[in-house]
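Computed from the coordinates by the stated procedures, all read-outs in this text should not be read as laboratory data. Since the structure is predicted, the reported quantities are computational estimates derived from the model, not experimental observations. For neighbour counting, all protein chains shown are included, and Cβ atoms are generated from backbone atoms with ideal geometry for every residue, glycine included.
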Amino acid sequence: TFTLTKKDTTKKFTEVQVTADAYLFRQGLRYALSDNLSVVIGFTKDRNTGKYIDDRSTYFAGARGTFIDNPTLHLWLSGYYGFNEKISFFNREVQKVAKYKDFPSVRDYDSNVVSLMQELDWKINDMTTFKEDFEYSKILDDDYNHWKLNLELGFKLTERTSFITSYSFDHDQNLFTETLKQYLDKRTALGKPSGEVKKMDKGFNVGIKVVF
């Protein structure tokens, strides 16, 4: 399997304007042990300036099982163990802001992680489909976690095209967000101008899907 996604958003970040971009590359190899069970190994590389992540590379291995498989409903559950290699953060984006120039840089670090994934594909009727994907990752070396939820509704227009609308949630708690929160809380206690840490990204998308 192969996945590549990228999105850019230009926005005002306090006193400076930055381009917030998100990038995900995922490459996996799946080997079927039976009709309903496969083993999987793979690699992901992602970047998300909206969540202050400059670079995160993950190697993973695990299993994927089919729990429901019929003409209208499919349900898959997966479990993986992974290793995050050298997670690096956008310290400089915060330090660019004059009043935050004394923000202490957060070091790069490695971590071990376990992930659970659930995928649902439901054919409601001949014209309408619903898809749901959920992923939860727990960092084993500390108390941080990351989860994502995507809900998608599709309406068939022709034999090969559909109108798609989706809503997504992406929550990331990591060393950077916790360090930034402590830094901002300290500024607030001292009566200095401060802000809040954004750990959750929400997105709404519409588009046309074409099947070749």
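The set of residues in the stretch 125-152 being within 19 Å of V206 (Cα to Cα) and of a type outside the set (D, E) consists of M127, T128, T129, F130, K131, K148, L149, N150, L151.
For the stretch 145-180, a residue qualifies if it is closer than 26 Å to F83 by Cβ and more than 14 Å from the chain's Cα centre (by Cα), and the qualifying residues are L175, F176, T177, E178, T179, L180. Report yes if I41 is in contact (Cβ under 8 Å) with a residue 60 or more places away in the chain and either part of a strand (DSSP E or B) or within 30 Å of K192 (Cβ to Cβ) (or both), otherwise no. For I41, the condition - in contact (Cβ under 8 Å) with a residue 60 or more places away in the chain and either part of a strand (DSSP E or B) or within 30 Å of K192 (Cβ to Cβ) (or both) - is not met.
Could you please find all residues in the stretch 193-212 being within 20 Å of the chain's Cα centre (by Cα), surrounded by fewer than 14 Cβ atoms within 10 Å (Cβ to Cβ) and assigned to a loop (DSSP other than H, G, I, E, B)? Result: K198, single match.
Against the condition within 27 Å of M117 (Cα to Cα) and basic (K, R), how does K148 come out, does it pass? Yes, satisfied.
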